[in-house]
Amino acid sequence: MNLHRKLQQREAEGKPLRVGLIGAGKFGSMYLSQVRRTPGVRLVAVADLAPPRARAALEKVGWEAGELNAKSFEDGARGGGVHLTDDAMAMIASPHLDIVIDATGSPAAGIAHVLACCEHGKHIVMVNVEADALAGPLLARRAEQAGIVYSLAYGDQPALICEMVDWARAAGFEVVAAGKGTKYLPEYHASTPDTVWPYYGFSPEMVAAGDFNAQMFNSFLDGTKSAIEMAAVSNATGLLPAPQGLAFPPCGVDDLARVLRPREEGGMLHHRGQVEVISSVERDGRPVFRDLRWGVYVTFAADSDYVRRCFKEYGLVTDPIGNTSALYKPYHLIGLELGISVASVGVRGEPTGAPIDWHGDVVATSKRALRAGEVLDGEGGFTVYGRLMAARESVAGGYLPLGLAHKVKLKADVPAGQPVRWRDVEFDDASQAVRFRREMEAAWAGQAQPRAA
Ligand SMILES: NC(=O)c1ccc[n+]([C@@H]2O[C@H](COP(=O)([O-])OP(=O)(O)OC[C@H]3O[C@@H](n4cnc5c(N)ncnc54)[C@H](O)[C@@H]3O)[C@@H](O)[C@H]2O)c1
Ligand SMILES: N[C@@H](CCO)C(=O)O
């Protein structure tokens, strides 16, 4: 690991990485708290729909009011403080920064931001995994053509999983499964922003003292974020979802190698090389022993007597036959560790994970019986949750991607628990996000995508 040394060099040479953040919410705030302590990185500007909220976020995490008065992007780049703006597009177009971070969570805005980064030659760190799940494979292709780096965001679980998958493969292991932990019960699929906090485990005092968006956090709970994240991992690693989507098996860290292996070997996987999310609670609500609620894992195979023996000699926890083992990371640090992506992109020119093909998709699925005339309200809302599906199944079924289930009116009733189809909604053909997604569907239509065996 030499990122810190390279950043120090940048600092010493007076050539800091010049960074602009879009979206100063919870994730953005966590990054803002760390960037001021990071050598070799200069925060030039923050763009948010509400600049006063951005100012409040910066001050809350320790910035002095006097550090927030840069008059322009140029002023910010020269060290005159941070420039606050509501104009993300102007920030991306500015020649005074090198790396843009999208931490808005808005799929349509994310697509627009990446395309603007391509146009203006800015690297993009995509915290906005909602946009990545909607159109990441084509966005990454566009970024490559434009000569910029498109990177998943370290600190969120997908990039941490990509790192573990890369570790295993680069060390010569076959990856059997990879994924993350979360708190899951089947009833959470119907959760709404009104019911999220007790399920999530936050007391009213914690909610009152924090800076949380109830709809965003509900998307972490109702299965949507898990589906989005596993679509991102699938597209970035080639690991495929099971045909039924995510099964959320309850599993503790000592059981990873036993549970996350194929069914025919005694585990629960549909196939080798699968993405899966494990639950920190048993189906009856009891806590799982040594759960991985906040973490990520990879299971990998030995595939030779010699390596199986090494696993034993060096104390690895394995499945009963000693062929599969696991590594895990107990936590993800959200925006607090986003600097790893910024540094990797800025000093190495390498993403911390990026889509390489289109395998996984997230389909809008009704939380309850929906009636024609109702308006869908996107990730974590009252009407739909996201279900992971193979991209080929999603396209063949004509299903509506979750990232487009925003402010669209239903033309038909949808029974509870069913995927919504494109033909069930009135969508705006002229919108950039709809056009871009349609373009991705067309671009991949003729390509043979691998099918889970
Ligand atoms: N909160 C978490 O714990 C967490 C964890 C992992 C990943 N994330 C990811 O971080 C991203 C943001 O989540 P959050 O919880 O910080 O949400 P949030 O609602 O707290 O913050 C989003 C911010 O972006 C701003 N914004 C929205 N659209 C914008 C636009 N078009 N232009 C400029 N600003 C815009 C909003 O005003 C808001 O301040 C999402 O992609 C989410 O998946 C969040
Ligand atoms: N991914 C986390 C939330 C924030 O990353 C979860 O599943 O609860």
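Every number in this text was worked out from the coordinates using simple rules, so none of it is lab data. Everything quoted here is computed from the prediction, not taken from an experiment. Heads up, the Cβs are rebuilt from the backbone with ideal geometry, glycines too, and the neighbour counts pull from every protein chain shown.
In table form, for the structure just shown:
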item	result
Sorted by Cβ neighbour density within 10 Å, fewest at the top, the residues 251, 118, 162, 310	310, 118, 162, 251
Scaled radius of gyration (Cα, divided by 2.2 N^0.38 Å) that the chain gives	0.97
For segment 386-400 and segment 74-129, distance of Cα centres in Å	31 Å
Cα centre as origin, Lys/Arg/Asp/Glu Cβ charges: segment 360-445 dipole, Debye	140 debye
Whole-number percent relative contact order across the chain, with pairs defined as alpha carbons under 8 Å at least 6 apart	16 percent
Radius of gyration and maximum dimension Dmax of segment 360-445, Cα, Å	11.9, 34
Qualifying GluC sites (Glu not before Pro) for segment 1-101 [loop in DSSP, other Cβ within 10 Å: at most 15]	64
Beta bridge orientation in the chain: antiparallel %, DSSP, nearest 5	50 percent
Cα-based equivalent ellipsoid, segment 3-154: semi-axes from gyration tensor eigenvalues, Å	23, 18, 14
Fewest-first ranking of 89, 126, 440, using other Cβ atoms within 10 Å as the exposure measure	89, 440, 126
Whole-angstrom gap from segment 355-383 to segment 175-224, using each part's C-alpha centre	17 Å
Nonlocal amide H pairs with residue 183, under 5 Å, H built at 1.01 Å	280
In segment 300-400, the trypsin sites (Lys or Arg not before Pro) that fall in loop regions by DSSP, at most 12 other Cβ within 10 Å	371
Candidates per trypsin sites (Lys or Arg not before Pro) in segment 54-86, loop by DSSP, up to 12 other Cβ within 10 Å	71
Interchain or long-range residues, amide H under 5 Å from residue 68's placed H	82
Exceeding the 28 Å Cα-Cα cut-off - candidates 6/180; 26/180; 183/329; 225/407	6/180
Ellipticity estimate at 222 nm from DSSP helix runs (n ≥ 4, -39,500 (n - 2.57)) divided over the chain, nearest 500	-10000 deg cm²/dmol
